[in-house]
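Undergrad: Please see the structure below; I have some questions.
Every read-out reported here was derived from the displayed coordinates using simple, explicitly stated rules and does not represent laboratory data. Keep in mind it's a predicted model, so treat the numbers as computed, not measured. Cβ placement follows ideal geometry from the backbone for every residue including glycine, while neighbour counts extend to all protein chains displayed.
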Ligand SMILES: [Zn+2]
């Protein structure tokens with residue numbers, strides 16, 4: 001995303017970043033996945049993302065008020081396998 005992202009609360013330009021996920025032995029990026037999560041045999045979220053639309057999430061933070069806006073990076077899927 002090339003244009004400035006503006007905070008809805010205070011009209012400031014927001015700073016780009018991302019939200020890491022520290023689950024399960026690796027630090028990964030959060031992603032958006034189409035639809036509702038399916039349950040795996042172990043009761044966790046089933047890894048069936050290759051069959052769904054999915055994208056990494058970019059987070060923009062306002063340095064004045066701390067508000068965060070999330071956007072998907074729709075240029076390529078997060079999970080390609
Ligand atoms: Zn703000």
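Undergrad: Based on the alpha-carbon gyration tensor of region 15-72, what equivalent-ellipsoid semi-axes (square roots of 5 times the eigenvalues) come out, in whole Å, largest first?
TA: Values: eigenvalues 139, 37, 18 Å².
So the equivalent ellipsoid measures 26, 14, 9 Å along its semi-axes.
Undergrad: Another one. Could you check the spin-label model distance between residue 63 and residue 23? Points 7 Å from the Cα along Cα→Cβ, value in nm.
TA: Inter-label distance under the simple model: 3.2 nm.
Undergrad: For region 44-81 and region 1-34, write down the distance between their C-alpha centroids in whole Å.
TA: 8 Å
Undergrad: Taking the beta-carbon count within 10 Å as an exposure proxy, list 42, 32 from fewest neighbours to most.
TA: 42, 32
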